[in-house]
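Every number here is computed from the coordinates shown, using simple stated rules; none is lab data. Keep in mind it's a predicted model, so treat the numbers as computed, not measured.
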Amino acid sequence: MSDERLSYRIPEVLAITGLKRRTLYKLMAEGDIRAVKAGRVVVIPRAELLRWLSEGIEVVVSAMGEKAS
């Protein structure tokens with residue numbers, strides 16, 4: 001994510017993250033990723049995407065630490 005855009009459309013988020021459409025919509029439905037509907041377009045704010053990614057990294061790192069113990 002080298003650009004400084006404020007938000008991304010669903011296809012862009014799928015390309016950036018490698019998630020499948022079904023998985024992304026499930027994460028949004030469960031409230032793990034917050035999206036904004038602007039008219040007929042759904043966008044995910046850049047800050048939200050970065051937050052979700054960093055939380056996921058923290059979970060993975062913490063799980064790896066538990067396995068090493």
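Provide the gained length on full extension for the span Leu14 to Leu53, in nm with one decimal, where the gain is 0.36 nm per separating residue minus the Cα-Cα distance. Walk me through the numbers on the way to the answer.
Working: separation 39, 0.36 × 39 = 14.04 nm, distance 1.31 nm.
Answer, rounded to one decimal: 12.7 nm.
Any chance you could run the full-extension gain for Val42 through Lys26? It's 0.36 nm times the residue separation minus the Cα-Cα distance, nm to one decimal.
Values: separation 16, 0.36 × 16 = 5.76 nm, distance 1.43 nm.
Taking Val42 through Lys26 to full extension adds about 4.3 nm, to one decimal.
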